[in-house]
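Data block below; observations after.
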Amino acid sequence: MKKLLFITWNITSGYGTEKSLADVLNLLDKYKYDISILPLFKTSDVHVYNSNIKILDALIDSTKEGYNEKESLDYYYKLLVSPLLFNKLINEKYDCVIACNHSAPSYFASYLNCTTKIIWIRGDMRELDYSWLNKDSKEYLQIKQEHEMQASVLKRFDSIVVISDVVEKSLSELFGITENVVKISNSVNQEKIQILSNEKINIPDKMLFTSVARLDFNKNQMLLLKAAKELKLYRDDFMIYLLGDGNYKSVLQKYIEDNELTTNVKILGYVENPYPYIKNSTATILTSLSEGFSLALVESVLLNTPIISTDVGVAKELIEKYNCGNIINFDEKELFGILFWYLDNPYRYNGVFNIGDEYDLMTEVKKTELIIDNTIQKTSNTKYIKLPYPEITIDYSELNELKIPTDYIYVLRIIKNGIPYEYLINRKSGNDKLIVFNNGAVAGGNVDVPIFQRHSWSHMLKTSSIFCMDPTLYVNGYLQVAWGVGKNKNYYLENSSLILKQLIEKMKIQLKNTVIYGTSAGGYLSVIMGIYLRGSSVVVDNSQFDISNWIVKEAFETVVSLCFDDDKPFIKYKERFNVVDAFERNNYVPKLYIHANLCSHADNSTQIVPLLERMERMKDISDFNNIKIILRYEPEKGHDGLNVQDIIKFLYKVLEDA
């Protein structure tokens, strides 16, 4: 039996995401899956999940006696920035964790030490599009930072499920993600809805239009009310029912009363069975600013009721496939015209839309089980395996006797005080230049073999090359990035650099003919390594310089928690966490080339700018080499580095100028 954990915003009964999730999970095979749900918020004791599904305690439970909103939110935000604390809270081990939306559910899901992760994006990600905002505004910086956080988190999921073409398109346009994406449309229980739609209700003697949605800013019911105000000037033979509840109810009710619409618009509140209203309506109306899907539209078409909708969620898909309604802009006069047209043509869409089983609940259940099973299978087959290179393992005491062969690529493992320091070495004859590579983050973690990113480059380089493994990644089998910090007093990056220095001497290559290269976390490793390999040059791209200020806070906190018994090692061992402290401790700044993309807030605002500010206050350093910063403007690449051809060309140029 596979243990699954679903992380969602809320499990309270409703019309949208909560209802859709419950419908699917209740039908998953209970003999095949052991299902738990972690709701981030609990606002009611009412839910519709089967008894076999375990509901974990919500992070914020406003139904608790003595609930304190401030204390609860403080606790929530503390968990949101502390992966270790969250892992301690969720002390069960799961075969697969499923984030039931982007934003917070995906952040929490990414924290958990679990081999398989799926994100089920059920909302419109266009809310993270900052490109249209004023660059000088606070909102621009906030949304941009959220976008970069989400971009980083998305990389940690093995499969991405989207619920509509709109979501898939926004995922591609905003994040450039097109791989490992599967579309599974939200669904409805067709048989159940048909039965429920036959319930007797009081139908007004006017033509009925129905809107089924929460009453809030995003659902934008005010657009409908403004159109109704305009329509009232010409017609009185219409009635609009708003089914739903929310924080905009009083605002909408006031507008209805102030504009004398009480005989034409009624707020019915949350109605457990909305289907008779939909079935007996002239059309169902959705005016949302954004939607990931919108079940209400599918349910309407299933009941052969036309839809009038803004271009959100599944609206355009339905209308193009089934000719079942109208797409509108955010314009009350346009909506007024459509409503007026329906009043004059009540039978324009009379008939059956033949929606088929594409949006049937069992279709979604089968597809959901398939993506879970396939992803678990995929991740179990893709655990890191050893690269196909010969390996030599020696003790550090044997290093003096070591001879390094030429034109032979192999893994050298040197054991020092029980720690393996591993290097992929390719000493090419007839060339006295060397490029040293350091790893960035390792997606997924769970590393138990040496990882040498870019190892295939060794075959295309005309120089010799050494690829370095950070043994800190082996700590607890969980870390995805470790910055070489080591374990307590044992500084692995320092040890690795000093061993590497000896290896370079044995290769008969001078340090002035050596360049060290890395991106992101690998850039940080390279800068520190350059301190120990005095005389070498260092080239980094979108690098970290102060890991305590890295935008992915949980990565830093996890390293601190797992690698140190001291809870504040960044004070005791500050030179391991900030390159400026390392410069000062060693009285040396290496020859350094910093490449950076101006379009990456994560690198510029949190790393390069603070680096320059710190260096202004840096203590006198007698052995200082110049630092060159090369800025580029690539909006589409963000944190991603230069392409392989450009960076190799630059590395060659640095070696030629040495």
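The values are calculated or read from the model by the stated rules, or taken from the named source; none is laboratory data. None of the values given here were measured: they were computed from a predicted structure. Backbone-built Cβ (ideal geometry, glycine too); neighbour counts: all protein chains shown. In case anyone asks, the SASA skips ligands and DNA or RNA and just uses the protein heavy atoms, side chains included. Shrake-Rupley method; radii C 1.70, N 1.55, O 1.52, S 1.80 Å.
Data table
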{"quantity": "Number of positions in region 501-532 that are without any contact (Cβ under 8 Å) to a residue 60 or more places away in the chain and either of a type outside the set (D, E, K, R) or surrounded by 23 or more Cβ atoms within 10 Å (Cβ to Cβ) (or both)", "calculated": "5"}
{"quantity": "Within region 368-433, strands (runs of 3 or more DSSP E) holding 2 or more residues that are farther than 25 Å from GLY484 by Cα and among the hydroxyl-bearing types (Ser, Thr, Tyr)", "calculated": "none"}
{"quantity": "Test: residue in region 366-386 that is closer than 30 Å to ILE499 by Cα and at pLDDT 85 or above", "calculated": "no"}
{"quantity": "ILE435 vs. criteria modelled with pLDDT of 95 or more, within 18 Å of TYR396 (Cα to Cα) and surrounded by 18 or more Cβ atoms within 10 Å (Cβ to Cβ)", "calculated": "no"}
{"quantity": "Residues located in region 190-215, provided they are buried (at least 17 other Cβ atoms within 10 Å of the Cβ) and not hydrophobic (A, V, I, L, M, F, W, C)", "calculated": "GLN190, SER197, THR210, SER211, ARG214"}
{"quantity": "Enumeration of residues in region 392-431 that are open to solvent by 60 Å² or more (accessible area, probe 1.4 Å) and under 23 Å from GLN453 (Cβ atoms)", "calculated": "ILE392, THR393, ASP407, TYR408"}
{"quantity": "Condition met for LEU289 (more than 17 Å from ALA228 (Cβ to Cβ) and buried (at least 20 other Cβ atoms within 10 Å of the Cβ))", "calculated": "no"}
{"quantity": "Inter-residue pairs, beta-carbon under 6 Å, first over 24 Å from GLN145 (Cβ atoms) and in region 548-571, second of a type in the set (Lys, Arg), 6+ apart", "calculated": "CYS563/LYS487; ASP566/LYS572"}
{"quantity": "Region 365-404: number of residues that are within 23 Å of the chain's Cα centre (by Cα) and of a type in the set (Asp, Glu)", "calculated": "2"}
{"quantity": "Breaking point among (1) farther than 23 Å from THR558 by Cβ; (2) modelled with pLDDT under 90; (3) open to solvent by less than 60 Å² (accessible area, probe 1.4 Å), for MET1", "calculated": "(3)"}
{"quantity": "Members of region 191-219 found to be more than 21 Å from GLU291 (Cβ to Cβ) and part of a helix (DSSP H, G or I), listed by number", "calculated": "GLU191, LYS192, GLN194, ILE195, LEU196"}
{"quantity": "All positions within region 442-451 that are surrounded by fewer than 20 Cβ atoms within 10 Å (Cβ to Cβ) and among the hydrophobic types (A, V, I, L, M, F, W, C)", "calculated": "VAL442, ALA443, VAL449, ILE451"}
{"quantity": "Qualifying residues in region 126-177 (those that are more than 22 Å from VAL97 (Cα to Cα) and among the small types (Gly, Ala, Ser)) - the one surrounded by the most Cβ atoms within 10 Å (Cβ to Cβ)", "calculated": "SER170"}
{"quantity": "Matching option when the condition is in contact with a strand residue (DSSP E or B) (Cβ under 8 Å, 6 or more places away or on another chain) and either modelled with pLDDT under 90 or not acidic (Asp, Glu) (or both), among LEU208, LEU196", "calculated": "LEU208"}
{"quantity": "Unmet criterion (only one of (1) part of a strand (DSSP E or B); (2) surrounded by 19 or more Cβ atoms within 10 Å (Cβ to Cβ)) for GLU364", "calculated": "(1)"}
{"quantity": "Among residues of region 152-186, those that are assigned to a helix (DSSP H, G or I), in contact with a helix residue (DSSP H, G or I) (Cβ under 7 Å, 6 or more places away or on another chain) and of a type in the set (Ser, Thr, Tyr), counted", "calculated": "1"}
{"quantity": "Options LEU40, LEU28; residue that is surrounded by 13 or more Cβ atoms within 10 Å (Cβ to Cβ) and within 16 Å of LEU112 (Cβ to Cβ)", "calculated": "LEU40"}
{"quantity": "Identity of the residue in region 325-355, within 21 Å of MET239 (Cβ to Cβ) and of a type in the set (Phe, Trp, Tyr), that ends up nearest to the chain's Cα centre (by Cα)", "calculated": "PHE336"}
{"quantity": "Search result, residues across region 69-103 that are among the aromatic types (Phe, Trp, Tyr), over 23 Å from HIS147 (Cβ atoms) and open to solvent by 70 Å² or more (accessible area, probe 1.4 Å)", "calculated": "TYR75"}
{"quantity": "Residue list for region 457-487, restricted to those being open to solvent by less than 10 Å² (accessible area, probe 1.4 Å), at pLDDT 90 or above and assigned to a loop (DSSP other than H, G, I, E, B)", "calculated": "LEU461, THR463, MET469, ALA482, TRP483, GLY484, VAL485, GLY486"}
{"quantity": "Check on GLU554, assigned to a helix (DSSP H, G or I), of a type in the set (Asp, Glu) and either more than 29 Å from ILE143 (Cα to Cα) or modelled with pLDDT of 90 or more (or both)", "calculated": "no"}
{"quantity": "From the options TYR347, TYR342, TYR389, residue that is among the aromatic types (Phe, Trp, Tyr) and either modelled with pLDDT under 90 or open to solvent by 40 Å² or more (accessible area, probe 1.4 Å) (or both)", "calculated": "TYR347"}
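Conditions tested, residue by residue: (1) at pLDDT 95 or above; (2) buried (at least 17 other Cβ atoms within 10 Å of the Cβ); (3) aliphatic (A, V, I, L, M); (4) under 43 Å from the mean Cα position of the chain (by Cα).
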position	(1), (2), (3), (4)
LEU223	yes, yes, yes, yes
ALA227	yes, yes, yes, yes
TYR241	yes, yes, no, yes
LYS254	yes, no, no, yes
